Structure formats: structure tokens, C-alpha cells
Amino acid sequence: MKNSSKFSLKLIIFRMIAFVFAMMFIFIMVEFFLRMVPIPGVEMLSGVFDPEINLYKYTPNSKVIKINSRNERIVRKVNSQGYLDKEHAVKKQKGISRIGFFGDSYVVSRQVFLEKTFFRLIETQLSDEKVETMAFGRDGHGMLHAAMKSKKYSKDFNLDMVVYVFCENDVGDQIAEIKQYPLLPYAELKNNEIFVNDSLLRSHLKSQKRGVVDKLKKILFYNHSILMQTVYRRVNLLRQHGISLSTKESDFNMSSKADANKPPSSTDLPSTWNARYKKEALSVAQSVLLDWYKDVNKDAKNFAVLYIPRESEWEKKESE
């Protein structure tokens, strides 16, 4: 009887160990498959909160994987500062002019390889002029967030020129009612002065500290696993939007028309916003941009705005 119970216990332990190893093997195989086979919608990226800039940025020294519209598998490395650019020394070399580009996904340029990004091409073309270009982009950031990053990095890296890469939805990305995203601070205009309201962000950070999700992410290697990130995002999408069997163009582009009686969304064309939100967003944008210009100009640096038109603006059909 004793031998039988010992045999049963050993069998249970053996089966448990075998199950664990089988699950690990399956995990590794699926992870390898997702990293090697281009599947639209499956991507890898992770972020970390930086208290110095009061914003989230990419996890330093991690990797970002994206399948672009051409079904190309794009793998980019995040530098030590938390941005999708090559590594830059903090101290500027003598005789070098530095240009820093600030903005959202247009600056990130995750759809192309690093050597094909506009900021790397500019540096290559201006190599005889001894110009070094640097990119500080993050998806979903608005004008205020670009200015907040500029305040730190333009001084840290002694930039000679600050370039804001502007798209028209940026004016709404800094308004809480329009963006409706808790992981960002927002701009508010009071008595013709800009104030940063980060109450939503602070609330999120507090809940994250007491929650178990962040701890589980660390245990399950979330920052470096395309499988764990894919599962996590799919569960979140199901919770937020349910099951959708089709997608619309407005899900990917800023091409939907706003409801004149409701706050606009981040995918609505700013030209279709109702008068109240359009006026507020423009007033806030003008103040943020002016404050940013003054901040850069006081250090005798150059400031420029590079406007990126919507696809419908630059991709016009020629008249017959």
C-alpha cells in the first residue's frame, strides 16, 4: 500500500513537471513563430513611465516589432533614452549641429526600417554639413507632450534646432475630452495661461501600483514577449469593443466626421468638429506652441514646425 501511494505521488509530480515543460515548449514555439512570421495586427512594443518628463516612453533597450501595410516585418531597437532612434552620445561633438524632431507616430515611423526614416535620411543627406539628427517621437502624443519632451531633451543634448512634426489631430490629442486616454497629461487654458492637468495620469499610476497586472507583466516577461503582449492587447480590445468582424477606414485614419452635438474623437476630422471644441483646441494649441517657441528661443535655439498633411490632402487625383 505504501509503495502504491509513493508510486502515485511520483507519477503526479512527473506529470506536473512534464506539463510545465510542455507549456514552456509551446510558449517558446509560439513566441518564435510570431517573431518570424508576418501576421498583420500582431506587434511587440512596451512602454515605461518617465517621471522626469511626466510621460510614457518606449522601454529603453527593448525591441519594437511591427508588420506594415506592405506585409514587411519591421524590427526596431529602442535606444537607452526610450525612443526609436540610434544611440546618441549626450555630449555633442565639436563642430556638429544637432536637430531634434519631436512629435507622434510620424516621428516614430514604425512602418519603415530605421535607415529609411526621414530623420536618418536627412542626416545622411546633410553629412557634409556635419548635422546630427535625433528623434523623440511617441505614438499618440500631442503638441503639449512634444513640448514637454523638448523641454528636457533640447537641453540634455544641446540641440541647435527643435523641429515639431505637426499633424492636425495633434491639437485634439492634448485635450482630455477629445483624447479620452488616461495615460497622458492634458493642457488647459486658464486666464490665457497654459496649465498641465495630469490628474487622470496620476490616478492611473496609483491604480497600477496597487494592481497585480503590472507585477504579472514582470513575471511573465511582458516587455520582451510578443506572445504575452498580443494576448494582453486582444483581451483588452475584447473588453473595450467586443467582437468586430470588420474594420472601417476611420479605425486607422483620421477620416471620420464628428457628431456636431458630441465631443469629437481622435479619429474625427478637425474640420468637422463642433464650434466649441474647435475654438478651445485652437486656442490651447496656439498658447502651447507660443510657450514652446519662447522656451526654445530664450536659449538662442532655432524652432521650426514641419506640417504633415493628411493622406486625403496630398493624395489628390489629377483633374482630367
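The values are calculated or read from the model by the stated rules, or taken from the named source; none is laboratory data. As the structure is a computational prediction, the values presented were derived from the model and not from experiment. As a convention, Cβ positions derive from the backbone with ideal geometry for all residues, glycine included, and neighbour counts pool all protein chains shown. Each accessible area value is taken on the protein alone, full model and side chains, heavy atoms only, with ligands, DNA and RNA left out. Shrake-Rupley method; radii C 1.70, N 1.55, O 1.52, S 1.80 Å.
Just to verify a result, which residue in the range 51-67, among those that are assigned to a loop (DSSP other than H, G, I, E, B) and open to solvent by less than 10 Å² (accessible area, probe 1.4 Å), is nearest to SER203 (Cα to Cα)?
Residue satisfying both the conditions and the ranking: ILE53.
Which members of the range 154-191 meet the condition of being assigned to a loop (DSSP other than H, G, I, E, B), open to solvent by less than 40 Å² (accessible area, probe 1.4 Å) and of a type in the set (S, T, N, Q)?
Answer for the range 154-191, where residues must be assigned to a loop (DSSP other than H, G, I, E, B), open to solvent by less than 40 Å² (accessible area, probe 1.4 Å) and of a type in the set (S, T, N, Q): ASN169, GLN174.
For GLU132, all conditions in the list (1) among the acidic types (Asp, Glu); (2) touching a His at 6+ places or on another chain (Cβ under 9 Å); (3) surrounded by fewer than 18 Cβ atoms within 10 Å (Cβ to Cβ) hold save one; what is the number of the exception?
Of the numbered conditions (1) among the acidic types (Asp, Glu); (2) touching a His at 6+ places or on another chain (Cβ under 9 Å); (3) surrounded by fewer than 18 Cβ atoms within 10 Å (Cβ to Cβ), the odd one out for GLU132 is (3).
Out of all the residues in the range 297-312, which are more than 24 Å from the chain's Cα centre (by Cα) and either at pLDDT 85 or above or open to solvent by less than 80 Å² (accessible area, probe 1.4 Å) (or both)?
If the condition is that a residue be more than 24 Å from the chain's Cα centre (by Cα) and either at pLDDT 85 or above or open to solvent by less than 80 Å² (accessible area, probe 1.4 Å) (or both), then ASN297, LYS298, ASP299, LYS301, ASN302 are the ones that fit.
Can you confirm whether the range 17-40 contains a residue that is in a loop (DSSP other than H, G, I, E, B), under 27 Å from GLY103 (Cα atoms) and of a type outside the set (Ser, Thr, Tyr)?
Scanning the range 17-40 turns up at least one residue that is in a loop (DSSP other than H, G, I, E, B), under 27 Å from GLY103 (Cα atoms) and of a type outside the set (Ser, Thr, Tyr).
Consider only pairs whose beta carbons are under 7 Å apart and that are at least six residues apart or on different chains; among these, list those whose first residue lies in the range 152-181 and is touching a residue at least 24 places away in the same chain (Cβ under 8 Å) and at positive phi and whose second residue is part of a loop (DSSP other than H, G, I, E, B) and among the charged types (D, E, K, R).
Listed by first residue and then by second, the contacts come to ASN158/LYS92.
Out of (1) open to solvent by less than 50 Å² (accessible area, probe 1.4 Å); (2) among the charged types (D, E, K, R); (3) at pLDDT below 85, the odd one out for GLU318 is which?
All conditions are met except number (1).
Name the single residue that is nearest to ALA147 (Cα to Cα) among those in the range 79-90 being open to solvent by 30 Å² or more (accessible area, probe 1.4 Å) and in contact (Cβ under 8 Å) with a residue 12 or more places away in the chain.
Step by step, filter the range 79-90, then rank; the result is GLN81.
Could you list, in sequence order, all residues of the range 192-213 that are at pLDDT below 75 and surrounded by 13 or more Cβ atoms within 10 Å (Cβ to Cβ)?
GLN208
When you check ILE65 against the structure, is it in contact (Cβ under 8 Å) with a residue 12 or more places away in the chain and within 30 Å of ALA187 (Cβ to Cβ), yes or no?
no
Does any residue of the range 134-148 turn out to be basic (Lys, Arg) and either within 20 Å of TYR307 (Cβ to Cβ) or modelled with pLDDT of 95 or more (or both)?
So far as the range 134-148 goes, yes, one or more of its residues are basic (Lys, Arg) and either within 20 Å of TYR307 (Cβ to Cβ) or modelled with pLDDT of 95 or more (or both).
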